[in-house]
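Q: Dumping the structure here so I can ask a few things about it.
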Amino acid sequence: MNGTAVDDPFACFEGDSDDDENDKDDESKCNPPEASVAPSIATDQGRRLVDEANARLDAAVAVKDGLLPVTSASFEVFDTPNDAGKGLRALKVFECGDEILREYAAMRVPNHQAAESLEEAEQLHERAVQSTFNNLHQCTRIAIMQLSSCDEMKDGYERDMVSPLGVYQTNSFILGDEKCGGLFLTTARMNHSCRPSATHIWRPDLQKTVVFATRRIEIGEEICTTYGPSECLDTQGRRDYLRERFSFECGCEMCEEGNRFGGDDRMIEISSLQEDISMLAQTGDPQAAIAAVERCLSLLKEQGISIGPYMKPILYYGYQIAIDGLKDIDLAESYLSKELVLIQQCEGPTSPKALQIQAMLDDFK
Ligand SMILES: C[S@@+](CC[C@H](N)C(=O)[O-])C[C@H]1O[C@@H](n2cnc3c(N)ncnc32)[C@H](O)[C@@H]1O
């Protein structure tokens, strides 16, 4: 049977997101009345009820700290119909820019350890992952070990041979500039799509990862993010990247259905335009560079990937070329305004980057 409520032994928590503003409501839902004040119930059944209530109270606190998965009436974990294992799917309609969830890291591990060799660096990393894992609350260790692991791809591997390192490598990602990686129990359930419906961003100001819809997501539709690559590649290129980097064969709709989405031809044209833009900007042909920017933006839109990581550098190029090459302030302002809308949708309206761009726009006035 699908769904977090059934699969997850800790699934007693409700709430659209782990939003601080919702915390008070969530607490009143999760706190069983008088749970922590043991009344004088002498029976075994009474004692068991109090123990259960206290366990729920502990767990309710834990979910606020990223120690347990976030559960919600807005999405659920389900078994995907293809080879991608579990995934996240929408239980309500999300519009582009809607926040889907936010959560603290269950586990954070520093990335940069001084080492003499690659081998030593790998050993240090493995030790750091293992010792961080060992120090976690038991319920978090159990929740982590329920996640998928690239170990499972290896021949002869059984589920009970999966290691914390394998799970960490499969599910963690780098936290912005913070020189460490993080594993997030709910975000980790999002599969990759080369034409994603969502994006996840580490917000250092909140110390949380936040997931936003990058287009309308219908009820029942899978919520997918992108694991990369950052440049536009054809199907073969993207699949090679994902196989080498993450050890899986991408089965997303864009890879499976190729040219239904204009696929390879369009992606190859976008890729060559990306190269043209930087070359034209450097060789002092700003008019041609701006024409390439505009063509690129319209192809990204046609491809259905115009809200997300591909778009940001193109808009930034447009802004730079308009300022430095064309000296056209109005055009520069229009690229910056588009970038602001994009960042507000992908990182949140009060994110540090959105506020920074807003301040730049205010300077134009
Ligand atoms: C971060 S986990 C995502 C959640 C995972 N499916 C689960 O069951 O918990 C990454 C793993 O999901 C699978 N996966 C993610 N995106 C995929 C895709 N587009 N095609 C095939 N498998 C995918 C791969 O096995 C990958 O190693």
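Q: Can you confirm whether the range 160-171 contains a residue that is farther than 25 Å from Leu242 by Cα and surrounded by fewer than 19 Cβ atoms within 10 Å (Cβ to Cβ)?
A: Of the residues in the range 160-171, the ones farther than 25 Å from Leu242 by Cα are 160.
Applying the additional criterion that residues be surrounded by fewer than 19 Cβ atoms within 10 Å (Cβ to Cβ) yields 160.
Checking the range 160-171: at least one residue is farther than 25 Å from Leu242 by Cα and surrounded by fewer than 19 Cβ atoms within 10 Å (Cβ to Cβ).
Q: If you don't mind, another one. Residue pairs, Cβ under 6 Å, 6 or more apart or interchain, first in the range 155-177 and more than 11 Å from the ligand (Cβ to nearest atom), second part of a loop (DSSP other than H, G, I, E, B). List them.
A: As it stands, the answer is Val162/Ser149; Gly176/Pro204, since those pairs meet every condition given.
Q: Looking at the range 212-227, which of its residues are within 13 Å of the ligand (Cβ to nearest atom) and within 9 Å of the chain's Cα centre (by Cα)? So that I can check it myself, show each step before the final result.
A: Applying the first criterion (within 13 Å of the ligand (Cβ to nearest atom)) to the range 212-227 yields 222-227.
Passing the criteria: Cys224, Thr225, Thr226, Tyr227.
Q: Which residue, of Ile321, Ile343, is assigned to a helix (DSSP H, G or I), in contact with a Lys or Arg (Cβ under 6 Å, 6 or more places away or on another chain) and buried (at least 21 other Cβ atoms within 10 Å of the Cβ)?
A: Values: Ile321 fails: in contact with a Lys or Arg (Cβ under 6 Å, 6 or more places away or on another chain).
Exactly one residue qualifies, and that residue is Ile343.
Q: Tell me which residues, restricted to the range 181-199, are out of contact with any Leu (no Cβ under 9 Å at 6 or more places or on another chain) and either closer than 19 Å to Ile343 by Cβ or at pLDDT below 95 (or both).
A: Result: Arg195, Pro196, Ser197, Thr199.
Q: Of everything in the range 228-264, what is among the hydroxyl-bearing types (Ser, Thr, Tyr) and either over 20 Å from Met190 (Cβ atoms) or assigned by TED's automatic domain parsing to the domain that holds Ser306 (or both)? Give them in sequence order.
A: Residues of the range 228-264 that are among the hydroxyl-bearing types (Ser, Thr, Tyr), as a first pass: 230, 235, 241, 247.
Those that are among the hydroxyl-bearing types (Ser, Thr, Tyr) and either over 20 Å from Met190 (Cβ atoms) or assigned by TED's automatic domain parsing to the domain that holds Ser306 (or both): Thr235, Tyr241, Ser247.
Q: Can you tell me which of (1) of a type in the set (Lys, Arg); (2) over 20 Å from Pro352 (Cβ atoms); (3) more than 16 Å from the ligand (Cβ to nearest atom); (4) in contact (Cβ under 8 Å) with a residue 24 or more places away in the chain is the one Arg127 doesn't meet?
A: Of (1) of a type in the set (Lys, Arg); (2) over 20 Å from Pro352 (Cβ atoms); (3) more than 16 Å from the ligand (Cβ to nearest atom); (4) in contact (Cβ under 8 Å) with a residue 24 or more places away in the chain, only one is false for Arg127: (4).
Q: Here's a follow-up. Being under 22 Å from Gly181 (Cβ atoms) and within 14 Å of the ligand (Cβ to nearest atom) is the filter; apply it to the range 85-102 and report the residue that is surrounded by the most Cβ atoms within 10 Å (Cβ to Cβ).
A: The first filter runs over the range 85-102 and keeps only residues under 22 Å from Gly181 (Cβ atoms), leaving 85-88, 100-102.
After this cut, where a residue has to be within 14 Å of the ligand (Cβ to nearest atom) as well, the list is 85-88.
Working: Gly85: 13, Lys86: 19, Gly87: 20, Leu88: 25.
Checking each candidate, the answer is Leu88.
Q: Could you count how many residues in the range 224-272 are among the β-branched types (Val, Ile, Thr) and either surrounded by fewer than 16 Cβ atoms within 10 Å (Cβ to Cβ) or closer than 16 Å to Cys150 by Cβ (or both)?
A: At the first step, the residues of the range 224-272 found to be among the β-branched types (Val, Ile, Thr) are 225-226, 235, 268, 270.
Those still in the list that are either surrounded by fewer than 16 Cβ atoms within 10 Å (Cβ to Cβ) or closer than 16 Å to Cys150 by Cβ (or both) too: 268.
Of the residues in that region, 1 qualify.
Q: Can you work out which of the residues in the range 178-203 that are of a type in the set (A, V, I, L, M, F, W, C) and away from the ligand (no atom under 12 Å from the Cβ) is farthest from Glu256 (Cα to Cα)?
A: Ranking the qualifying residues of the range 178-203, first place goes to Cys180.
Q: Here is a follow-up. Among what's in the range 103-115 and is assigned to a loop (DSSP other than H, G, I, E, B) and within 16 Å of the ligand (Cβ to nearest atom), pick the residue that is nearest to the chain's Cα centre (by Cα).
A: Going through the range 103-115, the residues assigned to a loop (DSSP other than H, G, I, E, B) turn out to be 104-106, 111-115.
Add one more test, that the residue is within 16 Å of the ligand (Cβ to nearest atom), and what stays is 105-106.
Values: Ala105: 12, Ala106: 14 Å.
That would be Ala105.
Q: Name the single residue that is modelled with the highest pLDDT among those in the range 240-264 being out of contact with any Lys or Arg (no Cβ under 8 Å at 6 or more places or on another chain) and closer than 20 Å to Pro81 by Cβ.
A: Looking at residues that are out of contact with any Lys or Arg (no Cβ under 8 Å at 6 or more places or on another chain) and closer than 20 Å to Pro81 by Cβ, I get Leu242.
Q: Also, quick follow-up: Filter the range 228-278 down to residues that are more than 16 Å from the ligand (Cβ to nearest atom) and in contact (Cβ under 8 Å) with a residue 40 or more places away in the chain, then give me how many there are.
A: Final tally of qualifying residues: 8.
Q: What is the one condition in (1) without any contact (Cβ under 8 Å) to a residue 60 or more places away in the chain; (2) away from the ligand (no atom under 11 Å from the Cβ) that Glu152 does not satisfy?
A: Failed condition: (2).
Q: To continue, here is another question. Among Gln282, Gln287, which is the only one that is at pLDDT below 90 and in the same structural domain as Asp324 (by TED's automatic domain parsing)? Let's see the steps before the verdict.
A: Numbers: Gln287 fails: at pLDDT below 90.
Only one candidate qualifies: Gln282.
Q: I'd like to check something: does the range 65-83 contain any residue that is more than 16 Å from the ligand (Cβ to nearest atom), surrounded by 14 or more Cβ atoms within 10 Å (Cβ to Cβ), under 30 Å from Leu342 (Cα atoms) and modelled with pLDDT of 90 or more?
A: Yes, the conditions are met somewhere in the range 65-83.
Q: Is there a residue in the range 197-215 that is acidic (Asp, Glu) and farther than 22 Å from Phe184 by Cβ?
A: Applying the first criterion (acidic (Asp, Glu)) to the range 197-215 yields 205.
Filter once more, keeping what is farther than 22 Å from Phe184 by Cβ: none.
Taking every residue of the range 197-215 in turn, none turns out to be acidic (Asp, Glu) and farther than 22 Å from Phe184 by Cβ.
The values are calculated or read from the model by the stated rules, or taken from the named source; none is laboratory data. Not measured: the values here are computed from a predicted model. For neighbour counting, all protein chains shown are included, and Cβ atoms are generated from backbone atoms with ideal geometry for every residue, glycine included.
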